[in-house]
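A short reminder: the numbers here are calculations on the coordinates, not readings from a lab. Everything quoted here is computed from the prediction, not taken from an experiment. Here Cβ is always computed from backbone atoms with ideal geometry, including for glycine, and neighbour counts include all displayed protein chains.
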Amino acid sequence: MNVVGRAMSTPGRRMLIIQCDAAQLPGLYSEVTDQKMQPVGKIVDIFGNITTPYATVICRGRCDIQPNNKLYAKAATGTKGYRPVNRK
């Protein structure tokens, strides 16, 4: 498990914005867990600049993560439904 970063805000019931560590940037669709290794949700978007990236997490249920809590990511297994594009 890699440290993703710290929770910043919850703009909705099931959405969470986190500030990521630029040195350990997680991949899209990575599973996010809390400090107790309980599943929180999946990363669906990474945005911001190179030095301070942010990620959007869609939570499995209601997001009850407090600001500044550390979160962890486990790499996504496979690409589940995505195929490479063949360009000619």
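Summary of values
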| quantity | calculated |
| --- | --- |
| Residue in region 62-70 that is under 9 Å from the mean Cα position of the chain (by Cα) and surrounded by 13 or more Cβ atoms within 10 Å (Cβ to Cβ) present | no |
| Count of region 22-42 residues which are within 11 Å of the chain's Cα centre (by Cα) and farther than 13 Å from ARG60 by Cβ | 6 |
| Residue check for ILE58: in a loop (DSSP other than H, G, I, E, B) and touching a residue at least 40 places away in the same chain (Cβ under 8 Å) | no |
